[in-house]
Amino acid sequence: MQTRIDEIASSVYRIASDVDTPDGAGFSFNQYLIAADEPLLWHTGPRRLFDATHAAIARVLAPSKLRWLGFSHFEADECGALNEFIAVAPNARPVCGRIGAMVSIGDVANAPPRALADGEVLDIGGARLAWYDTPHLPHGWDCGLVFDETRKLLFCGDLFTQGGKGHAPVIESDILGPSEAFRGPLDYFAHAPHTRAGLDKLAALKPETLACMHGSAWRGDGGALLRELAQRIG
């Protein structure tokens, strides 16, 4: 396994861990660190990646200073190392949506979660983070995504997942084609009645950077790309 950390926007760092897979293609897990007044880690990563993620954060700031541990939904790669980070950062609290806090995080986390309502903004000093409920987008009724209003950056979770490993930190070339090729045989989207409306809501934010959880982050007209994804989903 290899882990690297790169700044993809002002004070926003992509922590990428590449792992081997049985088919030989490999896969990547990205965590994002916002080095704000109240530092936030978006996705904790799985527990088995804790040491690597912790070491990467330490290259930018002391992990003990983490204040917020955010994630889209309850899943191992989203928050598997949540309690490990709470143990090393005594002032850290989970931050998630109201459904996630109610059905999972309020029970499993060793610190009380900060539950955000749809459209609610969390100001961490140097970044204004707006939470948007995205139930079943791409999966899980507790799903939500965060938009950094300060940088016009959408932490888009499992949207635009790219298979393989060794991805560049941030690119401006096509990610929709590779992500759709990866989604095809797995089809991990929920295809709920409101899926397209949810993508349209995110597109209206006009993000300029998409911080993908798997693969490269992307820079460009995020609204147009999200609308194109909505057309592919149907």
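Observations on the model:
- Taken one residue at a time, the phi angles of the stretch 143-149 give Karplus couplings (6.51, -1.76, 1.60, θ = phi - 60°) of 4, x, 10, 10, 10, 7, 5 Hz. Gly and Pro are set to x.
- Mean ellipticity per residue at 222 nm, deg cm²/dmol - from DSSP H runs of n ≥ 4 across the chain, formula -39500 (n - 2.57): -6000 deg cm²/dmol
- Residue 192 paired with residue 64, simple spin-label distance in nm, labels 7 Å along Cα-to-beta-carbon: 4.1 nm
- A dipole drawn for the stretch 131-181 from +1 and -1 charges on Cβ atoms has a positive end, and of 147, 162, 131 the residue lying farthest that way is 162.
- Nitroxide proxy distance, nm - points 7 Å out along Cα→Cβ at residue 120 and residue 231: 3.7 nm
- Net dipole in debye of the chain [+1 Lys, Arg Cβ; -1 Asp, Glu Cβ; about Cα centre; nearest 20]: 300 debye
- Percent RCO, i.e. relative contact order, over the stretch 87-234, from Cα pairs under 8 Å lying at least 6 residues apart: 19 percent
- Ligands, DNA and RNA aside, residue 21 has an accessible area near 40 Å² when probed at 1.4 Å.
- Exposure of residue 99 as accessible area (Å², to 10), given a probe of 1.4 Å and all protein chains: 60 Å²
- The figure for residue 206 is an accessible area of roughly 150 square angstrom, using a 1.4 Å probe on the protein chains alone.
- The chain - percent of accessible surface contributed by carbon and sulfur, probe 1.4 Å: 50 percent
- Based on protein heavy atoms only, the chain ends up with 41 Å² per residue of surface accessible to a 1.4 Å probe.
- Under Karplus coefficients 6.51, -1.76 and 1.60, residue-wise ³J(HN,Hα) of the stretch 14-20 in Hz, glycine/proline x: 8, 9, 10, 10, 9, 10, 7
- Here the stretch 162-233 and the stretch 139-154 have alpha carbon centers that stand 13 Å from each other.
- Within the stretch 60-155: Cβ-based charge dipole about Cα centre, in debye rounded to nearest 20 (Lys, Arg +1; Asp, Glu -1): 400 debye
- Phi-based couplings in Hz for the stretch 186-196 (Karplus 6.51, -1.76, 1.60; Gly and Pro marked x): 9, 6, 8, 7, 7, 6, 6, x, 9, 4, 5
- Taking the stretch 1-157 and dividing mean pair separation by its residue count, relative contact order in percent (alpha carbons under 8 Å, at least six apart): 16 percent
The values are calculated or read from the model by the stated rules, or taken from the named source; none is laboratory data. If you're wondering where the values come from, they're calculated on a predicted model, not measured in any experiment. Here Cβ is always computed from backbone atoms with ideal geometry, including for glycine, and neighbour counts include all displayed protein chains. Ligands, DNA and RNA are excluded from the accessible area calculation, which covers all protein heavy atoms including side chains. Shrake-Rupley method; radii C 1.70, N 1.55, O 1.52, S 1.80 Å.
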